[in-house]
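What follows is a single structure, written as structure tokens, with notes after it.
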Amino acid sequence: MTAATKQALDLLIFGGAGDLSWRKLLPALYMAHAHQRLPTATRIIALGRQAWSTAQYVEFVQGASTQHIDTSEMQPEVWQAFLQRLEYVPLDATQAADYARLAACLTPQAQRVFYLATAPTLFTQICQHLDSAGLVDAQARVVLEKPLGHDLPSAKVINEAVARHFGEQQIYRIDHYLGKETVQNLMVLRFGNAIFEPLWRAPSIRSVQITVAESVGVGSRAGFYDQTGALRDMVQNHLLQLLCIVAMEPPISLDPDDVRDEKLKVLRSLQRLDAAALRQHTVRGQYIAGAAQGESVCGYLDEANVPPDSQTETFVALRTHINNARWAGVPFFLRTGKRLQTRRSQIVIDFAQPPFSIFGTQPPNEHPNRLIITLQPEESIQLQMMAKIPGSGLNMKPVFLDLDLESAFAGRRADAYERLLVDVIKGRLTHFMRRDELEAAWKWVDPILQGWQALGEKPRPYTAGTWGPAASSALMAREGCSWFEES
Ligand code: BG6
């Protein structure tokens, strides 16, 4: 253990009784505890408005969090030891007096991590009160959950307010996709293998597609989701981060700023989609009743708490370009949606066709070589190649070189939140977003949102359980491309 992990840790979770805490953070912290990844003297202090005692909070966590922990990892004595770490302090985030009370409960000299799992509207006040109560020292860290704003101006307001109390090196902006094993493996695929780099550019690459498909609907989050929509909820953060890792130049090191500098350049090179481009290169969709996993499911407008005339998109597909020397002319297609046919996140690199065919009259295959990187639910890398069909002259067909990462590396995979929480504790910023990165992403997204509004672009209906509106396939077809949808 390093000196830093030997130090006592007070991990404070604002919104300690909220959905994110019991569903993701506490299960992730339990796993970190069970695998000895937390400093010995770690206290997990949950804060919330409920007037609970620690015993009541522990009871709540017992009921709510256990179902989100893999049963094979659930060992009663380890779980009990984890619960011993939990404390609950009632706190109204807007009341200065509550922070003075909180200060009296904390461990002197401990490393403090403040995890803000609350509505972002509270971030400013929380940071201000923490500082006034003398709780922000040079080693304190703050973790900010998404959504960080709903457009560029609101994101700037939050960033500026937080920066009054914490230095940029103390701020951990979470995008949980950056904590996924498979997403981190993308860096290794690109920069740990020499064979791809010479081909990883125009004109060797014809197009790139990134799909994050979900089979779930909006669930119980309609109140939040209806104000947000798929572009803000998924594209502004997760899909753009994936795109950055696929498209960035090799960073000079894994130091946080070296990696984030390169990602920022990608975001700044993204082609803006002005009103004229929007109609042609973006598709908004909204699901209507259909089927998911063999069961009938309702349409978005019939979900609880969705206004009957909602125009919120639950699906987005779009095409953009990266205006730099590596990617000139290569279309990047992004797509995400709820209630799609299956849960699947995939990056498909479509390589160019051979410049000349020696195989006579055989029609060239449209996609002779594709690299298919599946991020979830399975973890695999497939390289599609043309091979001769035995006994058939020189007739050929595409086949896969297939790497199943789960069997290549058996054993436990830490969940994204566990990995990122351990990074925060260890002070590793590489997999968190820097302020300028976040703002550059909003700068690209804002004109799309504004353009859709100005054009009165209504979401197109798509049946739940399909791959989204037909217009999404048309968007691809116009460029001679097609979505990779094999399962
Ligand atoms: C969250 C979005 O950031 O990511 C959710 O707010 C979405 O709407 C979720 O369902 C998807 O995450 P994952 O890890 O299940 O792909």
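The values are calculated or read from the model by the stated rules, or taken from the named source; none is laboratory data. Everything quoted here is computed from the prediction, not taken from an experiment. Methodologically, a virtual Cβ is constructed for each residue, glycine included, from the backbone with ideal geometry; neighbour enumeration extends over all protein chains shown.
Quick one: count up the residues across segment 337-383 that are in contact with a Phe, Trp or Tyr (Cβ under 6 Å, 6 or more places away or on another chain) and among the polar types (S, T, N, Q).
Residues that pass the stated criteria total 3.
Which of the numbered conditions does residue 240 fail, given that it passes all the others? Conditions: (1) free of Cβ contacts under 8 Å to residues at least 24 places away in the same chain; (2) aliphatic (A, V, I, L, M); (3) within 16 Å of the ligand (Cβ to nearest atom).
Here residue 240 clears every test but (1).
Of all residues being polar (S, T, N, Q) and touching a residue at least 40 places away in the same chain (Cβ under 8 Å) in segment 159-180, which is farthest from residue 116 (Cα to Cα)? Just the residue, please.
The extreme case among them is 169.
Can you find a residue in segment 3-17 that is in a helix (DSSP H, G or I) and in contact (Cβ under 8 Å) with a residue 60 or more places away in the chain? Walk me through how you get there before you give the answer.
Initial filter on segment 3-17 (in a helix (DSSP H, G or I)): 3-6.
Checking which are in contact (Cβ under 8 Å) with a residue 60 or more places away in the chain leaves us with 4-5.
Yes: segment 3-17 contains one or more residues that are in a helix (DSSP H, G or I) and in contact (Cβ under 8 Å) with a residue 60 or more places away in the chain.
Within segment 246-281, can you find the residues that are under 20 Å from residue 347 (Cβ atoms) and not in a helix (DSSP H, G or I)?
Result: 248, 249, 250, 251, 270, 271.
Among the numbered conditions (1) in contact with a helix residue (DSSP H, G or I) (Cβ under 9 Å, 6 or more places away or on another chain); (2) surrounded by fewer than 14 Cβ atoms within 10 Å (Cβ to Cβ); (3) over 30 Å from residue 111 (Cα atoms), tell me where residue 381 comes up short.
(2)
Among the residues of segment 140-158, are any of a type outside the set (A, V, I, L, M, F, W, C), in a helix (DSSP H, G or I) and either touching a residue at least 60 places away in the same chain (Cβ under 8 Å) or under 21 Å from residue 419 (Cα atoms) (or both)? Spell out the reasoning first.
Just the residues of segment 140-158 that are of a type outside the set (A, V, I, L, M, F, W, C), to begin with: 141, 145-147, 149-151, 153-154, 156.
Subset that is in a helix (DSSP H, G or I): 153-154, 156.
Checking which are either touching a residue at least 60 places away in the same chain (Cβ under 8 Å) or under 21 Å from residue 419 (Cα atoms) (or both) leaves us with 156.
The answer is yes, given that some residue of segment 140-158 is of a type outside the set (A, V, I, L, M, F, W, C), in a helix (DSSP H, G or I) and either touching a residue at least 60 places away in the same chain (Cβ under 8 Å) or under 21 Å from residue 419 (Cα atoms) (or both).
Being part of a loop (DSSP other than H, G, I, E, B), within 16 Å of the ligand (Cβ to nearest atom) and charged (D, E, K, R) is the filter here; which residues of segment 328-379 pass it?
The answer is 338, 339, 343, 378, 379.
What number goes with the only condition from (1) in a strand (DSSP E or B); (2) more than 16 Å from the ligand (Cβ to nearest atom); (3) over 26 Å from residue 427 (Cβ atoms); (4) of a type outside the set (Phe, Trp, Tyr) that residue 113 does not pass?
Tallying (1) in a strand (DSSP E or B); (2) more than 16 Å from the ligand (Cβ to nearest atom); (3) over 26 Å from residue 427 (Cβ atoms); (4) of a type outside the set (Phe, Trp, Tyr), residue 113 fails exactly one: (3).
Okay, residues lined up against (1) over 22 Å from residue 185 (Cβ atoms); (2) more than 19 Å from the chain's Cα centre (by Cα); (3) modelled with pLDDT under 95; (4) away from the ligand (no atom under 16 Å from the Cβ):
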| position | (1), (2), (3), (4) |
| --- | --- |
| 389 | yes, yes, yes, yes |
| 397 | yes, yes, yes, yes |
| 405 | no, yes, yes, yes |
| 423 | no, no, no, yes |
| 426 | no, yes, no, yes |
| 436 | yes, no, no, yes |
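Scanning for something more than 9 Å from the ligand (Cβ to nearest atom), within 19 Å of the chain's Cα centre (by Cα), in contact (Cβ under 8 Å) with a residue 40 or more places away in the chain and at positive phi, does segment 214-235 turn up at least one residue?
Yes, segment 214-235 contains at least one residue that is more than 9 Å from the ligand (Cβ to nearest atom), within 19 Å of the chain's Cα centre (by Cα), in contact (Cβ under 8 Å) with a residue 40 or more places away in the chain and at positive phi.
Being buried (at least 17 other Cβ atoms within 10 Å of the Cβ) and not in a loop (DSSP other than H, G, I, E, B) is the filter here; which residues of segment 397-435 pass it?
416, 417, 418, 419, 420, 421, 422, 423, 424, 425, 433, 435
So residue 473 clears everything in (1) crowded, with 20+ Cβ neighbours inside 10 Å; (2) assigned to a helix (DSSP H, G or I); (3) hydroxyl-bearing (Ser, Thr, Tyr) except one condition, right? Which one?
(1)
Tell me, which residue of segment 184-213 that is polar (S, T, N, Q) and more than 16 Å from the ligand (Cβ to nearest atom) is nearest to residue 483 (Cα to Cα)?
The qualifying residue nearest to residue 483 (Cα to Cα) is 209.
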